[in-house]
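Enquirer: Before anything else, here's the structure in question.
The values are calculated or read from the model by the stated rules, or taken from the named source; none is laboratory data. For clarity, every value in this text was computed on a predicted model and none was experimentally measured. Positions of Cβ are generated from backbone atoms using ideal geometry, with glycine treated the same way; all protein chains shown enter the neighbour counts.
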Ligand SMILES: *[C@@H]1O[C@H](CO)[C@@H](O)[C@H](O)[C@H]1NC(C)=O
Ligand SMILES: *[C@@H]1O[C@H](CO)[C@@H](O)[C@H](O)[C@H]1NC(C)=O
Ligand SMILES: *[C@@H]1O[C@H](CO)[C@@H](O)[C@H](O)[C@H]1NC(C)=O
Ligand SMILES: *[C@@H]1O[C@H](CO)[C@@H](O)[C@H](O)[C@H]1NC(C)=O
């Protein structure tokens, strides 16, 4: 059987195109993706909550909704951490997830980690909700947060503006009060 130049050329072009399309640095096209983390206060049993994530397309900002109960009244820092490893409780989730090598910050501006969510503010009854839209949180592609950790801290995040030596890495927000791992919430 003979191959024509045309069919070989077509095959080569198809191969070249498919290798471009499969580059891992390109986020795959997708419709709305949803993810959820269930946080537990592993050594603080009264504390519980969830954080849900909704992204309508690979380059869209992600809508984030958090809801906690059992908190001390006041501000608590909330951040995505690098790892999804709960082997040693919240401690083994590693440092803040920081794929773009920035210093710690709040929810706005250039200098902030990808999953810096600022503070969630608890009422006197210990409940707290937070509703944010963040453009540095991805649910697919090379910077996907799926499988990474999320930590609610005991204290207030100073958003990188404090005098503590920890201000520029953690916001000096204190102990890891509750934590969980981010996973897909539905299959579509
Ligand atoms: C927050 O969580 C509590 C406890 O699970 C639940 O009763 C409440 O409806 C939730 N609030 C929102 C706004 O989702
Ligand atoms: C961040 O720093 C790491 C380690 O130095 C490096 O491998 C990575 O390419 C940097 N990322 C960006 C987006 O600059
Ligand atoms: C969060 O805020 C957006 C925009 O203001 C709103 O459409 C959405 O319903 C809110 N989500 C919740 C769970 O309150
Ligand atoms: C945090 O970083 C900023 C910008 O690099 C710097 O101006 C500030 O002094 C640092 N804060 C601390 C407490 O080291």
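Enquirer: Against the condition crowded, with 19+ Cβ neighbours inside 10 Å, under 19 Å from residue 175 (Cβ atoms), within 16 Å of ligand 4 (Cβ to nearest atom) and over 17 Å from the mean Cα position of the chain (by Cα), how does residue 158 come out, does it pass?
Expert: yes
Enquirer: I'd like the full set of residues that are assigned to a helix (DSSP H, G or I) and either over 20 Å from residue 39 (Cα atoms) or more than 18 Å from the chain's Cα centre (by Cα) (or both), limited to the stretch 163-188.
Expert: Scanning the stretch 163-188 gives 167, 168, 169.
Enquirer: Within the stretch 7-39, track down each residue that is over 15 Å from the mean Cα position of the chain (by Cα) and modelled with pLDDT of 50 or more.
Expert: Across the stretch 7-39, the qualifying residues are 7, 27, 28, 29, 30, 31, 32.
Enquirer: Just need a number here: residues in the stretch 141-188 that are at negative phi, in contact with a strand residue (DSSP E or B) (Cβ under 8 Å, 6 or more places away or on another chain) and touching a residue at least 60 places away in the same chain (Cβ under 8 Å).
Expert: 26
Enquirer: Moving on to the next point. If you go through the stretch 40-83 one residue at a time, how many are in contact with a helix residue (DSSP H, G or I) (Cβ under 7 Å, 6 or more places away or on another chain) and either buried (at least 19 other Cβ atoms within 10 Å of the Cβ) or at pLDDT below 95 (or both)?
Expert: Residues in the stretch 40-83 being in contact with a helix residue (DSSP H, G or I) (Cβ under 7 Å, 6 or more places away or on another chain) and either buried (at least 19 other Cβ atoms within 10 Å of the Cβ) or at pLDDT below 95 (or both): 3 in total.
Enquirer: If we scan the stretch 104-115, do we find a residue that is surrounded by fewer than 19 Cβ atoms within 10 Å (Cβ to Cβ) and within 16 Å of ligand 1 (Cβ to nearest atom)?
Expert: no
Enquirer: Any idea how many residues of the stretch 128-146 are within 25 Å of residue 70 (Cα to Cα) and either surrounded by fewer than 14 Cβ atoms within 10 Å (Cβ to Cβ) or in contact with a helix residue (DSSP H, G or I) (Cβ under 6 Å, 6 or more places away or on another chain) (or both)?
Expert: Matching residues across the stretch 128-146 total 3.
Enquirer: Among (1) within 16 Å of ligand 3 (Cβ to nearest atom); (2) more than 14 Å from the chain's Cα centre (by Cα), which single condition is residue 107 missing?
Expert: Unmet for residue 107, out of (1) within 16 Å of ligand 3 (Cβ to nearest atom); (2) more than 14 Å from the chain's Cα centre (by Cα): (2).
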